[in-house]
Structures are given as structure tokens and as C-alpha cells.
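A.B. asks: Here it is, the structure, as C-alpha cells.
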Amino acid sequence: MFIRLREEAEDVLREALSSLSLPTTDLGIEEPPENVPAVLASSVAFRLAGERGAPPPQVASEVASEIDLAESDYLEEVSTQGPYLNFMPSEAYYADTLEAAGERGYGRLPAQDESVVIEHTSANPTGPVHVGRARNPIVGDAISRTLDLAGYDVARHYYVNDAGRQIALFTWAYETFAESDLPAPERDRADYDLVRYYRKGNSFLETANDEAREEAEAEIEALMQGLEAGETEAYERVSRVVDRVLGGMQTSLNRLPATFEEFVKETRFMRDGSTEAIVARLEDSSYAEREEGAWQLDLAEWDIEKPFVFLRSDGTSLYTTRDLAHHEWKFANFDRAITVLGEDQKLHASQLEAALEILSNDPDRLTSTFYSWVNLPEGGMSTREGTGVDLDDLLDEATARAREEVEDRLDSRIRDDDLDESDLSRIARQVGIGAVRYDIVAKQPTKAITFEWDRALDFEAQSAPYVQYVHARACGILAEAGRLEGSERDPFAALESMPGTGEDGRAESSVDTEAIDALDTSEERALLETIARFPAVVETAAENLTPHTIATYTREVAEAFNAFYRECPVLDAPEELKESRLALVAAARHTVANALWCLGVAAPESM
RNA sequence: GGGCGUGUGGCCUAGCGGAUAAGGCGAGAGGUUCCUAACCUCUCGAUCCCGGGUUCAAAUCCCGGCACGCCCGCCA
């Protein structure tokens, strides 16, 4: 609704300015501050004051009186407040918002007819996923969902490093060391089991004498040569380690949940010959040069000082070389590619982009988006060194603390809905994991996060449970009125449905969306205005790849709902008003549920 | 040393050219015979890192500092 309202405001303003022979290049459309009783405003008058030779407030009223709202459906009135033009919406705006948000799939934008592959996480399969890495799946999954809701055809890929030096080292260590030399695994799972060999291998190479180290290096080197040559035996040796560790890591990621359409292995681009072909094409390019036996690209034209080595002097390819083949493959199969990367990858990403351009690809089809680290107060996290908090531990702790909260609240609970054991587990999981995800996705990815248990697991205030609670309250009211729809009727079939939201199917609500007139309190209007903005919020978040703005929005809806909840009784209202308010509650519920869905946070029907 | 990013009340965070800088945590005071108090209301608290500049208008843009993070490998 808001998107169309904004378009109408732009149209009428542009026409008014044209008829006054004023420039229409910058309309100055903006959202006014809270205390201004308008949904949209313009500050054009400031810019035109010089040209008109009149003070801004006077220009504003001249423009305002030139504006014609006769053709406009959603604009009711234009007024001025000093230099500002303020736009008020019509009854139709509120009525159509109530109707649109009455749909379970409210917020979904028209299909874009554009396929997008989003690569995220892609952590090296060397050991359990730790919290330092957790920002990648959480942000990546939220971006995927947001793009899906915004109408794109989304595929999520995890790019598996099964060809690098670290992996060869890992495989060698796994084949070399005996279990009896290792500490007990932290969990009975493949990633926790095997990471011990990885750590052992690394520490061995750091401390071994020259002779032993050279011997080990030779074995690792031989394995890498085997992979480069596409030998099946080398591939199978590596796969034995990689597949098992990756399987364990997936178990962690699935808890978030972060799932993928495809796990794309690096070796695929060695075995099919495409990496070799890339090397040949790059060698032919005018940017290529040979330096001590290795091949590199001079990227000075792209303001990149460091030459980009794409072939080692021993003839093996590098990660980035294979990634070039990988990206050409993405371009062949999708319209656009998005990659979510840690900030340490920035240089690599710009080199990749330049090299893709040298290979005659359109670099605009690739967008890389970066996030900063999640660090511990005492420093960074590392799989190799075994420092850091495992994602599993964080999720376990989050769920346990959430469970305590639910149990503590059981006694003082007013609502008589008899939560049983399975409800307790469900709520603990939804709230605990939701809180972790929300805490991470709500922040601008450019800002570094210092991980602190108490802050990450605060269930009050600006947190997932605050928003989830609003959803549960709305569901409580709807259930009481017999209007709770079945959640399994998931409109978002493209990506998997949220865990734990499936309840028994109930009849679709039949709310009276025409009784908008009954909703005349400021709280009801403010809630509708907030709900109306949701599609615009999705659009902007998808365009800019900024899911944190959706988190900010969920808080705004939640606050507006709580104000409404406080001032406007629903079930005890007179019949006609009750119907209208039930429609509003359903609209708010869909908005909150779908916004949370974008973030990958569960929307509980009770808690 | 060079490059990229970040600096907002004691702490965390939103805002990133326009109307008195918006919330949370914290501290203090209230609110439940009434749809879930994981809630709400009120009070306290900010030279938006520092110094210049551009603009009618700067937390927001530009330049110069300072602090912190990340990168600068024939690693990924």
C-alpha cells in the first residue's frame, strides 16, 4: 500500500511542480518524524526557495495549492507545516491495507522473473561451526528469504572447499594419526570427531623437526597434485573426510535453520576441466605475466596493487582460480549471483570481480556483501586453534535458558491454555534459537560484534521474544474468537516452512474488511499505517541486501500492536467493532509472522 | 607503511542531507478483579570520536587527525 501511496505522492508533486515550471529532479519525498500527523512529506520547498525568490514556507504553500488530488486513490489531503508538505492518506488507503494484510501471504511482492543464486556460509569443512562464523548463515539465510519474499527465484548454495591446502593437510592428518593420540571429542559427531585430526596435523607441522615436516609436506603436496590432475583416488580420499565433516556441520546449521539447495564442491571445477580452461584463457590475456614460474594478473587498472596469482609454479591452481570457474558456472545457470562473505574476503572479492571482467563476464551480475566478525571479549575464534564458542553450545544454552523462562512464567500465567511438555520444548526452541538469530541479524553487518552470553540471550526488550510475544498475543485473540488460520497453509513454498509453526489446520478467517470506519482510534490508525509499510520494507531490504532493516521494522509493528492492545479491547467490543478489530489483529499477525519469517525467526502461536 | 570498514547518553543499538537525534539495557516511580505483565506508562541520562570545510540545512557529504576491526601469502 505504502509503495503505491508513495508513487501517487511523487506523481502529484511532479505535476504540480511542472505546472509551476519548477524542476522535478529532486522531489524530497521522505517519511516525517513521529509527532507529525502525516504518512509522507516533502522538503522540496527548501530547494526551490532560491529559484522562486521566496522563503521556503511560502513556496510550500504555493506548491500545495497547485497539487491536485482528484486522480489519487490513496491521498486525501496535502497540508503545509512551515516549509514542509505533508500528505494524509485516504480511507481507501487504510481499507486496502486491512484487506491486503488479511491475506496470509501479505508482503510478498510480484514475481520478478529473475533467478538469483545466493552463496553463503561456505565455511571450510574442517570442524564444528563456531559462533564467529554464525553470522554468515544467519545473515545469508535472512537475505535469501527476503529476496524470495520480494519475488525473486532464489537458490541457496554452499561452496565446499574440498581442494585446498588445508583440506589436503586435514586428509593427510586423518590418515596418519591414531585415535589414541587425540583428546576425547567434545560431541559424538563427525565434525567434532574429525576436527581433532585437523588440529593435531596443524600442531604437528608447527612443532615437528625439519625432516618430519618435509616428509609430511611431500605427502600433502602429492595429494594436491592428485586433485589437480582430477585423479579419482585423490578425490575419494579427500571426500572421506570432507563429506563426513560437512554432514556434521549441516546438523548444526539445520538447527538455525539454514539449509541449502545445493552443496557445490570445488573439485567439481577441477574434474570437469573448467579450471584448466580458465587458466589457459587467463594466460592469453594481456594482463597475464609470469613471475618466478607462477602465473599472475596485473590488476593495477582496477586499482588493485597486489598481483593476483592464478597458477602456482608447480602447476596447481589456487582457490581463487577455481572460484572463477565456479562463478562462470553460476552465470551460466542464474541471472544474478550474490555472495555473503566475511570482511577478510574483500580483497579476494575485488580480485575475483576484476578477473571475471578480464574473462569477458559482466561483473555487475555478481554482488558481494560483507559482514564483520563475531569475536569473544578475549579475542577471535579459530577452528584450527580450537578457540571459540561452538554454535551447538550456543543453541543448547539458548534453548535451556528459554526453557527456564517458560517454566518460571508458568505459575503466574493468566491464560488458561494448559501447555504440555511438547509445548514447553517447542517454545524453548523457538524462543531460544529465535533470540540468537535475531540478536545477530538485527545489527548492521558492517559492525563487529563482541559475543557476550547475557546480551545474546536477553529475552526482554529489543529481542526476538518481544516480537514473538506480539504474534502469540495476536494468535491468542484470534483463537479465542475461533479465527486462527492453520499455519501449515504456508504461502512460502519456495523455501522451507518455519519449524514448529505447524499446528492443526483451522478454517480461514472471514473477517469483515469493509468496516474500516469503525477503526478510528489513533492506536488503530497507527498500527494500520505501520502494517501498510511492510511491502515497502521488504522491497528496500531486498534491494539493498539489508535484512537488519526488517528486524527494526518488526519492533515498530510490535510497539504499534502493543499500544493497540493496551487501548483497544477486541473480544469485549461491540459486535461490529469487534469484527473490525479482529480483522486488524489478523492483519498484524500476518505482518509480524511474515517479517519474522524473513529473518528466519519462528512465530509461535502461544508462548 | 598502504587499502577497506566502524566510532551515536555509563553499556548496546537504529537513523546515514532536512521538522525538538529514536529505542533497549541500567537506575528510580507506577500499572494486572479486564483479550498472555517475555507487556505498558512516567522520570533520569547525548558538545552524535576530535578539528576544519561544503550547504538555506550535517550524526548523515568532503578533507585532515585519533581509536578500534579486517586485509595487504605461489592460504582459503
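A.B. asks: Using only the alpha-carbon atoms, what does the stretch A:200-353 span along each of its principal axes? Please give whole angstrom values in decreasing order.
C.D. replies: 46, 43, 31
A.B. asks: Once Rh for the stretch A:271-403 is found with the Kirkwood sum over Cα pairs, what is the Stokes-Einstein diffusion coefficient at 4 °C and 1.567 mPa s, in µm²/s?
C.D. replies: On the way: Rh = 17.3 Å.
Diffusion coefficient, whole number: 75 µm²/s.
A.B. asks: If you don't mind, another one. In whole angstrom, how long is each semi-axis of the equivalent ellipsoid of the stretch A:549-607, when you take the square root of 5 times every eigenvalue of its Cα gyration tensor and sort them from largest down? Kindly include the intermediate steps, with their values, before the conclusion.
C.D. replies: On the way: eigenvalues 114, 28, 18 Å².
Square roots of five times the eigenvalues give 24, 12, 9 Å.
A.B. asks: With the dipole of chain A worked out from charges on the C-beta (+1 for Lys and Arg, -1 for Asp and Glu) around the Cα centre, which of A:ASN209, A:LEU352, A:ILE3 lies farthest toward the positive end?
C.D. replies: Of the listed residues, the answer is A:ASN209.
A.B. asks: Explain nothing, just the number: relative contact order of the stretch A:237-385, from Cα pairs under 8 Å at least 6 residues apart, as a whole percent.
C.D. replies: Dividing the mean separation by the residue count of the stretch A:237-385 yields 17 percent.
A.B. asks: Using alpha-carbon positions, what is the distance between the centroids of the stretch A:1-67 and the stretch A:528-607, in Å?
C.D. replies: After rounding, the separation between the Cα centres reads 30 Å.
A.B. asks: To continue, here is another question. Relative to the compact globular guide of 2.2 N^0.38 Å, what is the alpha carbon radius of gyration of the stretch A:98-188, as a ratio?
C.D. replies: 1.67
A.B. asks: Based solely on its DSSP helices, what 222 nm [θ] is calculated for chain A when runs of n ≥ 4 H residues each add -39,500 (n - 2.57) and the sum is averaged over all residues, nearest 500 deg cm²/dmol?
C.D. replies: Mean residue ellipticity at 222 nm (helix-derived): -16500 deg cm²/dmol.
A.B. asks: Shifting gears a bit: Taking N as the number of residues in the stretch A:2-89, what value does Rg over Cα atoms divided by 2.2 N^0.38 Å take?
C.D. replies: For the stretch A:2-89, the normalised Cα radius of gyration comes out at 0.97.
A.B. asks: Moving on to the next point. Please list, by residue number, every one of the GluC sites (Glu not before Pro) in the stretch A:386-459 that is coil in DSSP and has at most 15 other beta-carbon atoms within 10 Å.
C.D. replies: A:GLU452
A.B. asks: Rounded if a/c is under 1.5, else prolate if a/b beats b/c, else oblate: with a ≥ b ≥ c from the C-alpha gyration tensor eigenvalues square-rooted, which is chain A?
C.D. replies: The shape class here is oblate.
A.B. asks: Give me A:MET88, A:MET224 ranked fewest to most by other Cβ atoms within 10 Å of their Cβ, as a rough exposure proxy.
C.D. replies: Details: A:MET88 16, A:MET224 23.
By the 10 Å Cβ count, ascending: A:MET88, A:MET224.
A.B. asks: Would you kindly work out the equivalent ellipsoid of the stretch A:343-482 from its C-alpha gyration tensor and give its semi-axes, the square roots of five times the eigenvalues, largest first in whole Å?
C.D. replies: 40, 21, 12
A.B. asks: Specify the inter-centroid distance of the stretch A:363-418 and the stretch A:161-178, based on alpha-carbon positions, in whole Å.
C.D. replies: 30
A.B. asks: Take the Cα of A:GLN345, step 7 Å along the line toward its Cβ, and report every residue of the stretch A:249-264 whose backbone nitrogen sits under 14 Å from that point.
C.D. replies: A:264
A.B. asks: Suppose we take every Cα in the stretch A:391-599 and form the convex hull; what volume per residue is that in Å³?
C.D. replies: In the stretch A:391-599, the Cα convex hull volume per residue is 139 Å³.
A.B. asks: Let me ask something else about it. For the stretch A:284-336, what class follows from the C-alpha gyration tensor (a ≥ b ≥ c being the square roots of its eigenvalues): rounded when a/c is under 1.5, otherwise prolate if a/b is larger than b/c, else oblate?
C.D. replies: oblate
A.B. asks: Sticking with this one: How far is helix A:421-441 tilted, in degrees, relative to the longest principal axis of the Cα atoms in chain A, given as a value from 0 to 90 rounded to the nearest 10?
C.D. replies: 80
Any read-out appearing in this document is the output of simple, stated calculations on the displayed coordinates, not a laboratory observation. What you see is a predicted model; the values in this text were computed from it and never measured. As a convention, Cβ positions derive from the backbone with ideal geometry for all residues, glycine included, and neighbour counts pool all protein chains shown.
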